1. Every residue in region 45-56 that is under 23 Å from PRO83 (Cα atoms) and either free of Cβ contacts under 8 Å to residues at least 12 places away in the same chain or of a type outside the set (Gly, Ala, Ser) (or both), please.
2. For region 69-105, which positions are in contact with a helix residue (DSSP H, G or I) (Cβ under 7 Å, 6 or more places away or on another chain), β-branched (Val, Ile, Thr) and farther than 25 Å from LEU59 by Cβ?
3. Could you list, in sequence order, the residues of region 1-44 that are charged (D, E, K, R) and either part of a helix (DSSP H, G or I) or touching a residue at least 24 places away in the same chain (Cβ under 8 Å) (or both)?
4. Mind checking whether some residue in region 36-48 is among the aliphatic types (A, V, I, L, M) and under 11 Å from the mean Cα position of the chain (by Cα)?
5. Within the group VAL112, VAL121, which residue is at pLDDT below 85, closer than 25 Å to PHE21 by Cβ, surrounded by fewer than 19 Cβ atoms within 10 Å (Cβ to Cβ) and in contact with a helix residue (DSSP H, G or I) (Cβ under 6 Å, 6 or more places away or on another chain)?
6. So, PRO85, is that one more than 20 Å from LEU37 (Cα to Cα), at pLDDT 80 or above and not hydroxyl-bearing (Ser, Thr, Tyr) or not?
Amino acid sequence: MDPVTKDRISLSASSTVQGVFHSSLTIGLYHGLFTWLFLELAGLRLAFLSAVAASFLALIPVLSPWILMVPHSLYLYLVSEVPMPFCLLYLLSYYLVSTNSFTSIYNRHLDVHPYVIGLSVFLGYLTMAA
């Protein structure tokens with residue numbers, strides 16, 4: 001392979017890995033701040049701890065961060081006696097914003113196919129876990 005092609009491939013791989021790393025950090029920061037704000041506006045307890053957990057769940061894609069809202073929605077319904085439709089709306093609104101943020105942040109930072117992004121995150125997770 002000629003040196004020009006090697007440099008192009010190297011530059012492309014390097015920019016993709018940097019983009020995945022940067023977008024993962026952006027997603028983690030976004031989910032932490034968004035979760036904290038969302039829980040503080042509702043007046044729920046443990047907002048900061050849940051925000052930190054949401055950041056880590058966004059960085060390591062094993063579970064989605066919206067899973068953290070299920071106990072908070074149940075708390076709203078059972079303890080605060082908020083009607084069930086509002087609790088479900090609370091959960092649904094967080095879910096929609098949470099899932100759409102992944103796509104928009106990845107589209108802003110990367111110009112590659114989503115399969116390559118998922119493969120990069122998965123292989124990075126396997127490398128760090130091993």
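The values are calculated or read from the model by the stated rules, or taken from the named source; none is laboratory data. A quick note: this is a predicted structure, and the numbers were derived from the prediction, not measured. Neighbour counts run over all protein chains shown; Cβ positions are idealised from the backbone, glycine included.
1. The answer is ARG45, LEU46.
2. VAL82
3. If we filter region 1-44 for residues that are charged (D, E, K, R), which is where we start, we get 2, 6-8, 40.
Those that are charged (D, E, K, R) and either part of a helix (DSSP H, G or I) or touching a residue at least 24 places away in the same chain (Cβ under 8 Å) (or both): LYS6, ASP7, ARG8, GLU40.
4. For region 36-48, residues among the aliphatic types (A, V, I, L, M) and under 11 Å from the mean Cα position of the chain (by Cα): absent.
5. Details: VAL121 fails: in contact with a helix residue (DSSP H, G or I) (Cβ under 6 Å, 6 or more places away or on another chain).
Just one listed residue meets the conditions, VAL112.
6. Judged against the criteria, PRO85 is a match.
Residues are listed down the side, and each one gets a yes or a no for (1) closer than 27 Å to LEU123 by Cβ; (2) buried (at least 19 other Cβ atoms within 10 Å of the Cβ):
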position: GLY43; (1), (2): no, no
position: ALA58; (1), (2): yes, yes
position: LEU63; (1), (2): yes, no
position: PRO71; (1), (2): no, no
position: LEU76; (1), (2): no, yes
position: PHE86; (1), (2): no, no
position: LEU89; (1), (2): no, no
position: LEU96; (1), (2): no, no
